[in-house]
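> Quick one: the structure is below, and I'll ask about it shortly.
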């Protein structure tokens, strides 16, 4: 399922206002969110790496990225995120998690050592799937190095996102 237009706009606003230059997306679907985020990274002179396990989704996302000529900015990597993230060079100052819901804590722990100070992490679907990802929500809400808020950017899907900010000393 693709990121909704309202959520994608919020992601782009977060990227542009934080001046993020190195982004990671976990779960790309057909690439709509990657395209909108890619525009923000393009404006900032940055790059987005999107990781997706499904080969058909990767093919579609890459085609969509080519249509908008964003391949210099957005790269889609096919693979299991939990195996791929450790191989990626950090640091990342923006991360968007929208993949297998019960693995959110594992994704977060995999990327956590690669987070820059003042990094922003956004995790999607945290209201409807709260029970499935309670370990993740507890971890980010209780850890003093992170400030976390859950919000709805739009009512299109009746769900929300966790916005997580890593402090400068975290």
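The values are calculated or read from the model by the stated rules, or taken from the named source; none is laboratory data. Since the model is a prediction, treat every value here as computed from it, not as a measurement. Reconstructed Cβ throughout: ideal geometry from the backbone, glycine too, with neighbour counts over all protein chains shown.
> Test residue 61 against the criterion of being part of a loop (DSSP other than H, G, I, E, B) and over 22 Å from residue 154 (Cα atoms), and give yes or no.
Against the criterion (part of a loop (DSSP other than H, G, I, E, B) and over 22 Å from residue 154 (Cα atoms)), residue 61 does not qualify.
> Then there is this: Across the range 158-170, what is the number of residues that are within 20 Å of residue 2 (Cβ to Cβ) and surrounded by 16 or more Cβ atoms within 10 Å (Cβ to Cβ)?
The number of residues fulfilling the criteria is 5.
> Residues of the range 137-157 being surrounded by 14 or more Cβ atoms within 10 Å (Cβ to Cβ) and part of a helix (DSSP H, G or I), which ones?
Scanning the range 137-157 gives 137, 139, 140, 141.
> Continuing with the same structure: Looking only at the range 18-50, which residues are free of Cβ contacts under 8 Å to residues at least 40 places away in the same chain and closer than 19 Å to residue 106 by Cα?
Answer for the range 18-50, where residues must be free of Cβ contacts under 8 Å to residues at least 40 places away in the same chain and closer than 19 Å to residue 106 by Cα: 49, 50.
> If you don't mind, there's one more thing I want to ask. Among 72, 86, 91, which is closer than 28 Å to residue 135 by Cβ and without any contact (Cβ under 8 Å) to a residue 40 or more places away in the chain?
86
Conditions (1) out of contact with any strand residue (DSSP E or B) (no Cβ under 7 Å at 6 or more places or on another chain); (2) at pLDDT 95 or above; (3) more than 19 Å from residue 101 (Cβ to Cβ), marked per residue:
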position	(1), (2), (3)
1	yes, no, no
4	yes, no, no
9	yes, no, yes
14	no, yes, yes
19	yes, yes, yes
26	no, yes, no
44	yes, yes, yes
47	no, yes, yes
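> Okay, next question. Since residue 65 meets every condition but one in (1) touching a helix residue (DSSP H, G or I) at 6+ places or on another chain (Cβ under 8 Å); (2) at pLDDT below 95; (3) over 28 Å from residue 167 (Cα atoms), which condition does it not meet?
Failed condition: (2).
> Can you tell me how many residues in the range 9-31 are under 15 Å from residue 73 (Cβ atoms) and buried (at least 18 other Cβ atoms within 10 Å of the Cβ)?
10
> Output the residue which, of all residues in the range 115-136 that are over 22 Å from residue 159 (Cβ atoms) and without any contact (Cβ under 8 Å) to a residue 60 or more places away in the chain, is surrounded by the most Cβ atoms within 10 Å (Cβ to Cβ).
Here the residue is 119.
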